[in-house]
Amino acid sequence: MMRAVNPATGELIREVPEHDEREVAARLERAEQAFEPWRRLTFAERARHLTGVADLLRDRTADYARLMTEEMGKPIAASESEIDKCAWVCDFYAEHAAGFLASETIPTDAAKSLVRYDPLGPVLAIMPWNFPFWQFFRFAAPGLMAGNVAVLKHAANVPGSALAIEAAFREAGLPEGVVTALLVSAERARGLIGHPAIRAVTLTGSDRAGMEVAAEAGRCLKKAVLELGGSDPFIVLADIDPGEAARQAARARTINSGQSCIAAKRFIVEEEIAGRFEEELVRAMEGLKIGDPMDRGSEVGPLAREDLLDALDDQVRRTVEAGAELRTGGRRLPGRGWFYAPTVLTGVEAGMAAFDEETFGPVAAVVRARDAAHAVELANRSPFGLGASMWTGDPVRGERLAAEIESGNVFVNGIVKSDPRLPFGGVKRSGYGRELSVVGIREFVNIKTVWIK
């Protein structure tokens, strides 16, 4: 049984039974049967379907946003923005997929030689709870436009979102089986990778889950794209206003109440301005409004599950015990729900939990650096490499230093975000492969050489 619990109140919202083996088999068969006719549609025909999905999302933004907020606790305005972004990615690929996947003629000794981009088949998408719609749509929009079909295995605490996504595609007129939701546990999901109907797999999740999926996909010789965790550095150089940097830092740390793989987590500041930055960051974090995520004034909502709150509190406790200073927060808030006070830790160093581990919640770890070179060194002293941001008064210097940072995304004077026009993904324990842009749509295709004498 899958249980959705409102994290703002702790109350059970819904229980949804898992699909049994017979239902899973039937749904996989439908996905497999849907692939052949779907791939043979023209790009224009698939684009009309995807544009219809975008229109439906915009028409029902309020309903879908409320569903997400109830199931995982993100502030309602953020949920509405998430639905809008899903509609955007549908429109983007409806417009650009044909160009991204157009056959390319390459002169050789043949009469004609070219490269084609053909679909693979049903792709299993194992998705997390923190962005219940966006994480799936940023895979599905390019994947469907490429001619693949999608099999969604969603997180167990957002079953309503999983079913709503499947229904949205069906109501927008896509043939049955083109998008299929499977309500199964994580343990059963790993077994799906080897099913003959599944041709590839994409996962957004923890590094531990990524290793398990990669191992199974490798054993079955199936393509995998992994978008995993992050411990993103937020580098503040001495030539920037520390007050403004601190205000941006508070925003960057509390995206989705801090429950984002690309939220800034380690704030690496040059010694010269570190004192003022720390004071301003404490002030900014203490000024955030925490409360009911359905209240439009709330900037920080609850954590999605109680075990996540306990894990975050344990990381803070261990970091303080190792010598860091707790400047504000560091506690569960009283009352109903799984709320954690926005927290600032200073004096954080490598070897402490808040430096070495991914913290998933509103906890900012401030690290002091001697100079810019030391800041980059500290940024790279992490097993993760998803995103990074650098704040400097000299954008040219920022671009030069960006080349030294070991991550899949570097933003200079901006908060890390995903954008359909740009590739998104990480290195090291943050995964491999890319989503979005022309690069992302080519991850799940057969890049086929055709040589004609």
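A few comments on the model shown:
- Which listed residue, of L57, L67, L12, is free of Cβ contacts under 8 Å to residues at least 40 places away in the same chain and either aliphatic (A, V, I, L, M) or outside any helix (DSSP H, G or I) (or both): L12
Every residue, every condition in (1) modelled with pLDDT of 95 or more; (2) under 23 Å from R397 (Cβ atoms); (3) in contact with a Pro (Cβ under 8 Å, 6 or more places away or on another chain), yes or no:
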| position | (1), (2), (3) |
| --- | --- |
| E244 | yes, yes, no |
| R253 | yes, no, yes |
| C261 | yes, no, no |
| I268 | yes, yes, yes |
| E271 | yes, yes, no |
| F277 | yes, yes, yes |
| M285 | yes, no, yes |
| M294 | yes, no, no |
| A304 | yes, no, yes |
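- Any hit, the stretch 221-240, residues being among the hydroxyl-bearing types (S, T, Y), touching a strand residue (DSSP E or B) at 6+ places or on another chain (Cβ under 6 Å), modelled with pLDDT of 95 or more and assigned to a helix (DSSP H, G or I): no
- Selection within the stretch 233-249 - surrounded by fewer than 24 Cβ atoms within 10 Å (Cβ to Cβ) and among the β-branched types (V, I, T): I240
- Candidate set: the stretch 346-370, residues that are touching a Lys or Arg at 6+ places or on another chain (Cβ under 7 Å) and over 30 Å from L12 (Cα atoms); chosen: the one surrounded by the most Cβ atoms within 10 Å (Cβ to Cβ): A364
- Within the set A224, A252, A200, A217, the sole residue that is surrounded by 21 or more Cβ atoms within 10 Å (Cβ to Cβ) and without any contact (Cβ under 8 Å) to a residue 40 or more places away in the chain turns out to be A217.
- Single unsatisfied condition, G230 versus (1) in contact with a helix residue (DSSP H, G or I) (Cβ under 7 Å, 6 or more places away or on another chain); (2) small (G, A, S); (3) buried (at least 23 other Cβ atoms within 10 Å of the Cβ); (4) closer than 29 Å to N380 by Cβ: (1)
Yes or no, residue by residue, for (1) surrounded by fewer than 24 Cβ atoms within 10 Å (Cβ to Cβ); (2) within 17 Å of A341 (Cβ to Cβ):
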residue: R276; (1), (2): yes, no
residue: E280; (1), (2): yes, no
residue: R283; (1), (2): yes, yes
residue: D295; (1), (2): yes, no
residue: E299; (1), (2): yes, yes
residue: P302; (1), (2): no, yes
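- Residues in the stretch 149-201 that are modelled with pLDDT under 95 and not small (G, A, S): E187, R188, R190.
- Pairs with Cβ under 8 Å, 6+ apart, first in the stretch 143-172 and over 16 Å from A34 (Cβ atoms), second of a type in the set (V, I, T) and part of a loop (DSSP other than H, G, I, E, B): K153/V184
Condition check ((1) buried (at least 19 other Cβ atoms within 10 Å of the Cβ); (2) free of Cβ contacts under 8 Å to residues at least 40 places away in the same chain; (3) part of a helix (DSSP H, G or I)) across all residues:
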position	(1), (2), (3)
E23	no, yes, yes
L50	yes, no, yes
A62	no, yes, yes
A77	no, no, yes
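- Test: residue in the stretch 32-44 that is of a type in the set (S, T, N, Q), in contact (Cβ under 8 Å) with a residue 60 or more places away in the chain and surrounded by fewer than 21 Cβ atoms within 10 Å (Cβ to Cβ): yes
The values are calculated or read from the model by the stated rules, or taken from the named source; none is laboratory data. These numbers were taken from a predicted model, which means no experiment stands behind them. Ideal geometry is used to build each Cβ from the backbone, glycine not excepted, and the neighbour counts take in all protein chains shown.
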